[in-house]
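Taking it in order: structure first as structure tokens, then the write-up.
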Ligand SMILES: Cc1cc2nc3c(=O)[nH]c(=O)nc-3n(C[C@H](O)[C@H](O)[C@H](O)COP(=O)(O)OP(=O)(O)OC[C@H]3O[C@@H](n4cnc5c(N)ncnc54)[C@H](O)[C@@H]3O)c2cc1C
């Protein structure tokens, strides 16, 4: 029976649903105890990793109960390719397999029989086999290093980091990249390039420091020219379909980065769908990239930009930042939160809609658009959590 044994899959899934957190914690403890080199692959705090692994196991069981294999195999293969950046070796997969089997056997001891043993062994063999097979088959390097050339601070909480990578990166406009910075080794975070892939290897990111955030505050506070950053392979499918009508883009703060890349990519073409970009921040002085956007709009009549700030005034520390009054003839700044301001103009239901920014802003904007009548399937955004 093995993978087709739905009853055994249900037993496994139930074990993950009730007390799965402890089960996953026990697995990592056992794995690291038997293979110290595996501990080095992960950051010191394992809470997020444990949560993600637990969810992935539950989802895999659900898929197998429903007798769906295609998506799990694709997911595991992607996971295997991604894990190359951590330095995972075939030896790690062997010790993982042994530790996971021992942990599950211990947890399911009172139900353990030949049939359950076969199903659990097959699930683990599937995970390990697909992940390590996909990793082996991948020929592209797992990551590329690059040097920070410039660190600009266009607003108090925002950094623009310009790098020169050792090799050119191949990503599509709108995609995001896993990034590791020297201030926080082994804590990979997703960042979206703010320029299209450059054949000479130049790369730019916009980073907003999140209050209490480990990596973003370290980048904004400490990144300096000469730092070596590590960047892994791209993810995501945010895109503009040039044959699918006009476009609405909504960017909150550094959520601008992938939309700016898409706009820059569109600027290669003489004719494009109309693109209306709402770019929002808390205070007017934090609309840090307006000069570039206005410059692009001035030579690309298909692009219009509406700046939006939550407050109508600047804080005392704003004096050092440039004036954000638009040049004559361009849209003037609107005051309010993005979801409200954007939907003041209608539901944008006839547009391709792309929303980028912090998770709360994306969720609120999407909900406001849907409430106004925009079809949910026309709204695109990146995953809300890393
Ligand atoms: C697909 C994708 C693309 C991304 N692209 C960019 C980008 O181009 N530029 C950029 O600045 N950031 C981007 N991010 C966010 C980035 O990956 C980090 O999550 C963010 O910088 C916080 O990391 P941290 O280590 O500082 O915070 P952590 O230490 O991981 O988290 C600290 C606290 O902050 C909260 N938090 C995490 N992220 C956010 C957020 N974005 N807004 C508000 N609260 C948050 C967490 O829930 C937690 O409570 C992207 C995220 C995703 C999923």
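The values are calculated or read from the model by the stated rules, or taken from the named source; none is laboratory data. Not measured: the values here are computed from a predicted model. Please note: Cβ atoms are built from the backbone with ideal geometry, for glycine as well, and neighbour counts cover all protein chains shown.
Condition first: surrounded by 18 or more Cβ atoms within 10 Å (Cβ to Cβ) and away from the ligand (no atom under 16 Å from the Cβ). Now tell me which residues in segment 352-379 satisfy that.
Filtering segment 352-379 down to residues surrounded by 18 or more Cβ atoms within 10 Å (Cβ to Cβ) leaves 352-357, 361-362, 364-366, 368-369, 374, 378-379.
Selection gives 352, 353, 368, 369, 374, 378.
Name the one entry in 240, 332, 305 that is in a strand (DSSP E or B) and on the phi < 0 side of the Ramachandran plot. Let's see the steps before the verdict.
Values: 240 fails: in a strand (DSSP E or B); 332 fails: in a strand (DSSP E or B).
Going through 240, 332, 305 in turn, just one is in a strand (DSSP E or B) and on the phi < 0 side of the Ramachandran plot: 305.
With the structure loaded, tell me whether residue 332 is away from the ligand (no atom under 16 Å from the Cβ) and surrounded by 23 or more Cβ atoms within 10 Å (Cβ to Cβ) or whether it fails that test. Explain how you work it out, then say what you get.
Values: away from the ligand (no atom under 16 Å from the Cβ): yes; surrounded by 23 or more Cβ atoms within 10 Å (Cβ to Cβ): no.
Here the answer is no, as residue 332 does not meet what is asked.
Please give the number of the condition residue 67 fails out of (1) surrounded by 16 or more Cβ atoms within 10 Å (Cβ to Cβ); (2) more than 18 Å from the chain's Cα centre (by Cα); (3) in contact (Cβ under 8 Å) with a residue 40 or more places away in the chain.
Here residue 67 meets the rest and fails (1).
Somewhere in segment 253-260, is a residue in contact with a strand residue (DSSP E or B) (Cβ under 8 Å, 6 or more places away or on another chain) and on the phi > 0 side of the Ramachandran plot?
Yes, because at least one residue in segment 253-260 is in contact with a strand residue (DSSP E or B) (Cβ under 8 Å, 6 or more places away or on another chain) and on the phi > 0 side of the Ramachandran plot.
Which members of segment 196-211 meet the condition of being more than 12 Å from the ligand (Cβ to nearest atom) and in a loop (DSSP other than H, G, I, E, B)?
Just the residues of segment 196-211 that are more than 12 Å from the ligand (Cβ to nearest atom), to begin with: 196-202.
Across segment 196-211, the qualifying residues are 196, 197, 198, 199, 200, 201.
Could you list, in sequence order, the residues of segment 212-255 that are in contact (Cβ under 8 Å) with a residue 60 or more places away in the chain, closer than 13 Å to residue 180 by Cα and either within 15 Å of the ligand (Cβ to nearest atom) or not assigned by TED's automatic domain parsing to the domain that holds residue 185 (or both)? Lay out the reasoning, then the answer.
So the first thing to find is which residues in segment 212-255 are in contact (Cβ under 8 Å) with a residue 60 or more places away in the chain, and the list is 219-220, 223-241, 244-255.
Right, trim to closer than 13 Å to residue 180 by Cα and you get 219, 223, 227-233.
Across segment 212-255, the qualifying residues are 219, 223, 229, 230, 231, 232, 233.
Of the numbered conditions (1) assigned to a helix (DSSP H, G or I); (2) over 25 Å from residue 234 (Cα atoms); (3) away from the ligand (no atom under 16 Å from the Cβ); (4) without any contact (Cβ under 8 Å) to a residue 60 or more places away in the chain, residue 339 satisfies every one except a single condition; which is it?
That leaves (3) as the condition not met.
Looking at (1) crowded, with 18+ Cβ neighbours inside 10 Å; (2) at pLDDT below 95; (3) within 16 Å of the ligand (Cβ to nearest atom), can you tell me which one residue 324 breaks?
(3)
Might you check whether a residue that is closer than 23 Å to residue 66 by Cα, assigned to a helix (DSSP H, G or I) and touching a helix residue (DSSP H, G or I) at 6+ places or on another chain (Cβ under 6 Å) occurs anywhere in segment 27-42? Please lay out each step first, then the result.
Here is the first cut: in segment 27-42, the ones closer than 23 Å to residue 66 by Cα are none.
Checking segment 27-42: not a single residue is closer than 23 Å to residue 66 by Cα, assigned to a helix (DSSP H, G or I) and touching a helix residue (DSSP H, G or I) at 6+ places or on another chain (Cβ under 6 Å).
Out of all the residues in segment 176-205, which are surrounded by 21 or more Cβ atoms within 10 Å (Cβ to Cβ) and within 18 Å of residue 142 (Cβ to Cβ)?
Going residue by residue through segment 176-205, those that are surrounded by 21 or more Cβ atoms within 10 Å (Cβ to Cβ) are 176-177, 179-181, 188, 191-194, 203, 205.
Result: 176, 177, 179, 180, 181, 188, 191, 203.
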